[in-house]
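Here the structure comes first, spelled out in structure tokens, and everything after it is commentary.
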Protein chains: 2
Amino acid sequence: MKHFSEISPMAERIIDAAQGLIQQQGYNGFSYDDVAKIVGIKKPSIHHHFAKKEDLVCVLVQRYTHQFRGELLSIEGQHASPMDRLAAYAAVFEQTFNRDKRLCVCGMLGAESDSLPESAADEVALFFKLNLDWLSRMIGDAQTAGLIKSNCAAESLAQAYLSALEGAMVLGRGMRTVQGPADIAQTFLSTVSA
Amino acid sequence: MKHFSEISPMAERIIDAAQGLIQQQGYNGFSYDDVAKIVGIKKPSIHHHFAKKEDLVCVLVQRYTHQFRGELLSIEGQHASPMDRLAAYAAVFEQTFNRDKRLCVCGMLGAESDSLPESAADEVALFFKLNLDWLSRMIGDAQTAGLIKSNCAAESLAQAYLSALEGAMVLGRGMRTVQGPADIAQTFLSTVSA
DNA sequence: GTCTATATCTTGATAGAC
DNA sequence: GTCTATCAAGATATAGAC
């Protein structure tokens, strides 16, 4: 299977389309024909770029995780304070959600994990680990700086924070009018502040 | 469409099977044939009890919400302290999750909301509203009693709490080894404690 | 790289016998 | 209430022409 860094422009467009569909309908809710209609080529042409649905989703999640790595790096470059970084992190989710209430790709796929090809489920797990590690580091820094209370382990707070963000998107989607992830993040951060 | 309170034993078994399938695979991930194999009758017999998939899911969510209403009542009967009630609430999610990492029915369906029949999506929204209302009341009580900090609105904390619980199940499913909703709840409750 | 055509399977759903 | 038989539509996927 190809690596996402060496794929053609058309393959890129296919992943773009598939990603939007996954965020709105899930893995079991979209078909190659849906993708074909969006990018404007026929179904078998999609298969030429990604032989199996499993391949498409794997590369898609790899690219998504890679983009997230970039976001995290960008946040560290733009904000010095761990609290600002944690708020900026939530803003990434908010941006996704504000686009037609799209879910986090891995939030959706994580829920569907049991009906995912194993290779795809592995990629999803990697995404979560990457994010939890980064959040733990930021929260640890904040605790060291006395900005966040130290009565809970950084890892536990990281899990609670990411869970709340992913869950906020599910609630926001499932209800009509509800606050997005950014608002839930603000609530969370103000409760853990020292 | 029938009300869940007036359905036959076989219809009950069908809903049981469908609920497990939804919690593990989602709405788009299970078929009438899957249900048929579990309950031991043929696919058209399922249609006899629930003409359309939409009917089945609607009644299923109605029953689920009703059962939850019962849980809430039971919690209020068994615990006097709002903090104990909030912890007991999380235990309900933990119990669900501990059974093969099953998701909350409405957590899964909320994520899939866009590809749900509208009537089913409405029922899911009702479930969330019921839970947020109850949680807001409990958290409000806790704030009045001085057990929870009052720097955030009870409604905001309720949303954060429910989001964290739903998200914890998604993370727990998507990763291999992660804490369940009860652990995330403990973290949350200890951060908001006054 | 894209297409038409096709294979094969599964899906939700119906008709009608028992 | 349950069954067999069947349908039309949609799914993933492949073969082979252009």
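Summary of values
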read-out	value
List of the stretch B:146-162 residues, accessible area with partners at least 30 Å² below that of the chain alone (1.4 Å probe)	B:Lys149, B:Cys152, B:Ser156, B:Gln159, B:Ala160
Which listed pairs, of A:Lys2/A:Lys53; A:Lys52/B:Lys43; B:Lys53/B:Lys129, have C-alpha distances above 18 Å, in listed order	A:Lys52/B:Lys43; B:Lys53/B:Lys129
Portion, in percent, of the accessible area of chain B that falls on carbon or sulfur, probe 1.4 Å	50
Charge dipole of chain B about the Cα centre (unit charges at C-beta), most positive-ward option of B:Ile7, B:Ser113, B:Ala194	B:Ile7
B/A buried area, accessible surface, summed, 1.4 Å probe, Å²	3800
Length added when fully stretched, A:Lys149-A:Ser5, from 0.36 nm per residue minus Cα-Cα	47.8 nm
Ascending list, in nanometres, of distances separating the B:Ser193 label from those of the other copies (7 Å, Cα toward Cβ)	2.2
Structure-based [θ]222 nm, chain A - -39500 (n - 2.57) summed over DSSP H runs of at least 4, per residue, nearest 500	-24000 deg cm²/dmol
Inter-centroid distance (Cα atoms) of the stretch A:1-69 relative to the stretch B:144-194, Å	35
Solvent-accessible heavy-atom area per residue, rounded to whole Å², over the protein assembly as shown at 1.4 Å	40
Full-extension gain in nm, B:Arg13 to B:Asp100, via 0.36 nm per residue minus C-alpha separation	29.4 nm
Cα gyration tensor shape of the protein assembly as shown, rounded if a/c is under 1.5, else prolate or oblate by comparing a/b with b/c	oblate
Copy-to-copy label separations for B:Glu54, where each label sits 7 Å from Cα toward Cβ, in nm and ascending	3.5
Candidate lysines - alpha carbon under 22 Å from A:Lys149, same-chain residues fewer than 8 apart omitted	B:Lys149
Amide H contacts under 5 Å for A:Ile148, placed H, 5+ residues apart	A:Gln143, A:Ala194
For A:Glu71, inter-copy label distances in nm, listed shortest first [label point 7 Å out on the Cα-Cβ vector]	3.0
Cβ-Cβ FRET estimate between A:Ala51 and A:Leu126, R0 fixed at 25 Å, reported to 0.05	0.65
Interface residues in the stretch A:107-129 - accessible area drops by 50 Å² or more relative to the isolated chain, probe 1.4 Å	A:Ala111, A:Asp114, A:Phe128
Per-pair calculated FRET efficiency, R0 = 25 Å: B:Glu118 and A:His66 via Cβ, rounded to 0.05	0.10
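The values are calculated or read from the model by the stated rules, or taken from the named source; none is laboratory data. None of the values given here were measured: they were computed from a predicted structure. Using ideal geometry, Cβ is built from the backbone for each residue, glycine included, and neighbour counts are taken over all protein chains shown. To get the accessible areas, we keep the full protein, side chains included, count just its heavy atoms, and leave off ligands, DNA and RNA. Shrake-Rupley method; radii C 1.70, N 1.55, O 1.52, S 1.80 Å.
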